[in-house]
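A short reminder: the numbers here are calculations on the coordinates, not readings from a lab. Small disclaimer: the values here were computed from a predicted structure and weren't measured.
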Amino acid sequence: MKSLVRRLMRRDDGSSMVEFAIMLPVLLILFAGAAELGRLFYTYTTLVKATEVGARYLSTSRNATSPVSADADAAKTQARSLAVCGYTDCTGQTPVVPGLSQASNVTVTFPIRNNIKYVKVQISGYTYAPGVFNLAHFTGLANTVFYFGLTPSTEMRYMQ
């Protein structure tokens, strides 16, 4: 009996399976965190590019600061649409990022510094939505510090 116990204690069959079982939850959490962080960076980069497109459109538009307010309002609306869906008219188009709205998220301003006109397009109030790996669900909280508002903005010189 003693020799049988000694023989069983010396065997290392299945030890790698036990190590894998211990490390699997840690590896899954690392994978989920990396995937969620990648989605966050992708969303932020998409929002930054959207503000750049809107600001570029307004910086070259003759109607952006037109004395006729209808023309200026139309140019601002088209720039907001470009930032939200990539087209000058968002009717029937999907936003570049889910949950983005031109009415509540995109603001257009024309700051003036040193007698130089600028165009500023900013996305504010957009809250990053968790993906498949909702970390708030695991903690039991409604929201965690991982999900926060993204506020990219682009400012360009008005060229007209």
Next on the checklist: Going by amide H atoms built from the backbone, whose H comes under 5 Å of the H on residue 117, apart from near neighbours?
Outcome noted: 158
Item to check | Karplus-derived 3J(HN,Hα), 6.51/-1.76/1.60, for each residue of the range 73-83, Hz, glycine and proline x | outcome: 5, 5, 5, 5, 5, 5, 5, 4, 5, 4, 5
Checklist entry - Check residue 126: other-chain or 5+ apart residues with amide H under 5 Å from its amide H, H built from backbone geometry? => result 150
Checklist entry - Whole-Hz Karplus ³J(HN,Hα) for the range 97-113, in order, using 6.51 cos²θ - 1.76 cosθ + 1.60 and θ = phi - 60°, x for Gly and Pro? => result 10, x, x, 8, 10, 6, 6, 10, 10, 9, 10, 10, 10, 10, x, 10, 10
Next on the checklist: For Kirkwood radius over Cα pairs in Å, one of [x] 15.6; [y] 16.1; [z] 19.3 was computed from the structure I shared and the rest are decoys. Which label?
Outcome noted: [z]
Checklist entry - Could you give me the ³J(HN,Hα) list for the range 122-127, computed from phi with Karplus coefficients 6.51, -1.76, 1.60 and θ = phi - 60°, whole Hz, x at Gly and Pro? => result 10, 9, 10, x, 8, 9
Checklist outcome for this item: Over the chain, the sum of -39500 (n - 2.57) across DSSP H runs of at least four, divided by residue number and rounded to 500 deg cm²/dmol, gives at 222 nm -16500 deg cm²/dmol
